[in-house]
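Note sheet for the following structure.
The values are calculated or read from the model by the stated rules, or taken from the named source; none is laboratory data. Note that the coordinates shown come from a computational prediction; the quantities given were computed from them, not determined experimentally. Ideal geometry is used to build each Cβ from the backbone, glycine not excepted, and the neighbour counts take in all protein chains shown. Heads up: the accessible areas ignore ligands, DNA and RNA and are worked out on the full protein's heavy atoms, side chains in. Shrake-Rupley method; radii C 1.70, N 1.55, O 1.52, S 1.80 Å.
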Amino acid sequence: MSGMNKAERLEEMKRLYIQRAFSDIELAERLGADRTLIYRDRIELTAHYPIEKDDKGRYHIPRTKLISEIKVNLHEALTLYLAARKTSRQTRFHHPHAANALEKLAATLRQPMTEKLLKAADKVLKQEKDPERIKILETLAQAWVEQKKVRIEYQPLGMDGLTRHTVSVYLIEPSIWSDSVYAVALSDFNDKIVTFNIERIKTAVLSGEAFELPADFDEQLLLKYAWGIWVGDKEPITVKLRFNKEAARRVKESIWHSLETVTDTEDGGCLWCAEVAEWREMLPWVRGWGADCEVLEPEKLRAEVIQHVRDLATQYKVMASEIRPYSYLWAKADKKDESKVHRLVYHLIDVGQVALAMWNKAIDIESKRQFCQWLNCVEETAGRTLAFLISLHDLGKASPAFQIKVKSMIGEI
């Protein structure tokens, strides 16, 4: 060790300080150097690294305050560059920590990657400032690394009010399908592992109470059936989709779920199948394929997509709304004037009213008596029954042939 130059000695001291604490005497013995020299080197290192003194008078670099420096080759650099670029594009507010990380990473990469990341860092710093959000992120990160419980106020999606939890953060994980970041934590509120969207956490305060990560906690197992980040306590559901020929190639270019199976079909398309924890999390992805994808299972997901298609058709006026379809059937209002039409439901009511009026005024008493005796009911009931039966003769106007004829007269088709 005594043959080290200064640069090598400083690098070795930094490595040792990260491993454990040393006094100047212990480090001098370890490196075969003079204690005074080690003291001067330690002071110099302190200007660049968070060297702290413990209760026994020894010095170390806390791992929680330092991310180790890395040296990477070209192909490793590209992997880090792509991840950093994605992070920078998904950062929508002023985030100094993200910008600093991009700048530090840029220093270890090569051109043109370095230049691109530096520009990305500048863009992040020009975003709108949101200091409260930065504070929440800092608190959650500290709670996760130091295993301290944190009190949060959370606003669930679709709710105006806040829910309050004291949570033990087991995992901070990005969403695969969006730019959201989630805290997977055990909540003291219901003693269950809950997935919290960090965007919806309104306040976060360290409680000071420590927690221990369960020895059997396995995030791979926890997220095994998750489409993105949602986990559930129910049995996973089989989702089966059919993609047409145009979409099949794109489907097979990516791995969408770790448990997926893709089977080719005779028409050039494919069947995609996977077990997922919560099918609702898949809705935006499924809708994004449009008519290139058909949901086969589960029935609830299929029904949800069908309703979405109906809503789109109504919104863009592609077809008439399916609400109260009977009200869009037509009938003639005047036999002498072909241009006069009205709704079939109104026509049936009108015919019934006319028949009831005839029963009350035009039909003789003996005929009414015989009809009542035949129906075994009182006069009022017999009259309404007759009116109903007479109105039914116009149900034939609901036939497609009649509707096409009438609608062509009014210019609806």
Problem - Selected residue [within 30 Å of I136 (Cβ to Cβ), surrounded by 11 or more Cβ atoms within 10 Å (Cβ to Cβ) and in contact (Cβ under 8 Å) with a residue 60 or more places away in the chain] from R63, R92 - result: R92
Practice task
Report whether or not S327 is open to solvent by less than 70 Å² (accessible area, probe 1.4 Å), over 26 Å from K252 (Cα atoms), modelled with pLDDT under 85 and assigned to a helix (DSSP H, G or I).
Solution key: yes
Problem - Of all residues in region 68-89 being under 29 Å from Y17 (Cβ atoms) and over 28 Å from the mean Cα position of the chain (by Cα), the one that is least open to solvent (accessible area, probe 1.4 Å) - result: A77
Problem - Complete set of residues in region 38-61 that are in contact with a Lys or Arg (Cβ under 8 Å, 6 or more places away or on another chain) and in a helix (DSSP H, G or I) - result: D41, L45
Handout entry: Residue selected from region 137-166 under the condition part of a loop (DSSP other than H, G, I, E, B) and under 15 Å from E199 (Cβ atoms), by the criterion most open to solvent (accessible area, probe 1.4 Å)
Key = L157
Practice task
Can you give me the ranges of the strands (runs of 3 or more DSSP E) entirely in region 186-304 with at least 3 residues that are open to solvent by less than 70 Å² (accessible area, probe 1.4 Å)?
Solution key: 192-197, 201-210, 237-243, 270-276, 293-297
Exercise for the section: Could you identify the single residue in R30, R35, R42, R58 that is open to solvent by less than 40 Å² (accessible area, probe 1.4 Å), more than 30 Å from S180 (Cα to Cα), without any contact (Cβ under 8 Å) to a residue 40 or more places away in the chain and charged (D, E, K, R)? Expected result: R42
Handout entry: Set I25, I51: member being buried (at least 16 other Cβ atoms within 10 Å of the Cβ), at pLDDT 90 or above, in contact with a helix residue (DSSP H, G or I) (Cβ under 7 Å, 6 or more places away or on another chain) and of a type outside the set (D, E)
Key = I51
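Rundown of residues vs (1) in a loop (DSSP other than H, G, I, E, B); (2) at pLDDT below 75; (3) under 26 Å from M358 (Cβ atoms); (4) open to solvent by less than 40 Å² (accessible area, probe 1.4 Å), yes/no style:
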| site | (1), (2), (3), (4) |
| --- | --- |
| Q370 | no, no, yes, no |
| T381 | no, no, yes, no |
| R384 | no, no, yes, no |
| L392 | no, yes, yes, no |
| K397 | no, yes, yes, no |
| Q403 | no, yes, no, yes |
| S408 | no, yes, no, no |
| I413 | yes, yes, no, no |
Exercise for the section: Considering every residue within region 346-366, establish whether at least one is under 49 Å from the mean Cα position of the chain (by Cα), modelled with pLDDT under 75, surrounded by fewer than 16 Cβ atoms within 10 Å (Cβ to Cβ) and over 30 Å from C270 (Cβ atoms). Expected result: yes
Practice task
Keeping to region 121-131, report how many residues are open to solvent by 90 Å² or more (accessible area, probe 1.4 Å) and either assigned to a loop (DSSP other than H, G, I, E, B) or closer than 25 Å to S207 by Cβ (or both).
Solution key: 4
Exercise for the section: Among the residues of region 101-119, write down those that are closer than 15 Å to L78 by Cβ and assigned to a helix (DSSP H, G or I). Expected result: L105, A106, T108, M113, T114, E115, K116, L117
